[in-house]
Amino acid sequence: MSDKETKFLAQFGDELWSSSSGEMVKTADALTGKKVMIYFSASWCPPCRRFTPMLIAMYNKLKEDPKRADTFELVFVSLDRSESDYNDYTSKMPWKSVPYSAPEPMRRSLAMKYGAEGIPHLVVIDETEDRNLITSDGTGEVSLDPDGDNFPWKPKGFSEIFPKQFMTKQGLVDSSTIDKKHLMLYFSAHWCPPCRKFTPVLAEAYKKLMEERGDEVELLFVSSDREESSFQEYWGTMPFCALPYEERDAKMLLSKLYGVRGIPSLLILGPVPEGGGDRPLINDNLRAVIESNDFSEFPFHPKPYQDLAVGADGINEHKSLVVFCENEDDDEQKELTDMVKTVAEKLKDTDMRFFYATSPGGLVGAIRKVIKIEKKLDGVIMALLDIPSGGGYHISDETDLTVEKIEEFLTNPGERQQMTQ
């Protein structure tokens with residue numbers, strides 16, 4: 001069993017509750033080698049109570065198909081507020097459930113990892129040992145396909161979705177003309193204030209990129225505007241190309257393919273592979289790169305380190321080091337961030353993520369709160385977060401950091417503590 005498979009199974013605990021048999025079953029026995037639907041719901045939620053019967057009907061129909069019955073399983077992750085509510089709700093469910101006795105941080109960690117910002121929420125994970133996400137919009141898929149005829153709803157690839165033509169300021173151009181270039185996609189809309197703030201920054205960055213890398217990259221605006229007139233007005237402020245407004249299906253499918261949940265969103269894809277196929281995704285979060293105005297590391301492969309005030313990519317899915325130094329002077333902050341970067345580069349082939357906090361923006365305050373250091377604002381604090389294993393964390397006693405001390409802390413982090421709710 002691969003390390004990824006072991007971690008995937010471990011996040012549910014050793015055993016799952018089976019309402020149909022009235023017994024606990026081994027998680028590994030229930031899920032190994034199967035596609036897994038993960039369902040986040042609660043009995044107090046009216047949309048959940050409407051959706052759950054649809055999901056039960058689809059689940060039962062798929063289980064009645066002898067060709068499909070043993071190829072998948074569903075795990076319910078409860079957000080109920082009492083064990084009696086959980087027991088009543090799960091008594092009607094034919095699938096497996098994380099027991100209510102599982103630690104609340106474990107369930108919260110699962111919800112964070114799989115994007116359950118609202119409920120009901122259903123994701124589908126493939127059966128390979130890499131446990132790749134197939135879809136994060138299972139609720140929408142069930143609503144459109146209540147019999148599960150198209151389950152597991154694997155999204156179309158880029159080459160199937162992308163239109164044959166795109167718009168330049170001179171007119172329509174065949175998409176094949178940029179096959180050998182990297183492609184940046186900018187999801188945005190005129191009605192979105194953060195978009196209107198970021199677009200001028202991106203426009204200037206695009207001009208600089210064209211001067212430096214014009215033969216290697218193109219940028220397309222993918223509009224979420226509600227009317228074509230708004231699209232035309234907004235695109236008129238942009239120097240780059242655009243997806244034709246009438247390509248609404250392509251816009252929707254591209255958003256789904258790349259998990260675009262909010263705008264503005266900017267990502268970069270590699271060239272079309274030799275012989276055809278889908279463009280590989282290189283980086284799905286380029287805003288920080290654009291705002292830095294430093295394009296020397298094109299095509300911007302993700303770094304193993306990040307400023308926590310700017311982003312927290314992977315922090316829910318991976319063990320993560322964070323060095324908090326918001327109130328240190330500029331020279332001290334540079335020394336500390338350089339240390340974090342050095343360690344991150346050494347360990348870039350591991351499953352860890354590395355962060356530093358030099359200002360109080362982004363998730364810095366929220367992370368400080370859950371690890372109970374929100375009032376300890378003076379000095380340097382080094383923490384090791386383990387959100388995917390139930391919300392654990394470790395705090396170092398060291399405040400005068402060196403690369404060696406950081407490495408030692410990662411090897412021997414000391415006592416594990418539990419994040420607050």
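Summary table below
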{"quantity": "Criterion: surrounded by 13 or more Cβ atoms within 10 Å (Cβ to Cβ) and within 29 Å of residue 219 (Cβ to Cβ) - qualifying residue of 266, 347, 336", "calculated": "266"}
{"quantity": "Pairs where the first residue, in the range 275-288, is of a type in the set (Lys, Arg) and the second is assigned to a helix (DSSP H, G or I) and surrounded by fewer than 17 Cβ atoms within 10 Å (Cβ to Cβ), C-beta under 8 Å, 6+ apart", "calculated": "279/159"}
{"quantity": "All positions within the range 124-144 that are surrounded by 13 or more Cβ atoms within 10 Å (Cβ to Cβ) and of a type in the set (Asp, Glu)", "calculated": "126, 127, 129, 137, 141"}
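Residues checked against (1) farther than 18 Å from residue 127 by Cα; (2) in the same structural domain as residue 34 (by TED's automatic domain parsing); (3) surrounded by 19 or more Cβ atoms within 10 Å (Cβ to Cβ):
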site: 64; (1), (2), (3): yes, yes, no
site: 69; (1), (2), (3): no, yes, no
site: 74; (1), (2), (3): no, yes, yes
site: 79; (1), (2), (3): yes, yes, yes
site: 83; (1), (2), (3): yes, yes, no
site: 87; (1), (2), (3): yes, yes, no
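The values are calculated or read from the model by the stated rules, or taken from the named source; none is laboratory data. Because the structure is predicted, anything quoted here is derived from the model rather than measured. For neighbour counting, all protein chains shown are included, and Cβ atoms are generated from backbone atoms with ideal geometry for every residue, glycine included.
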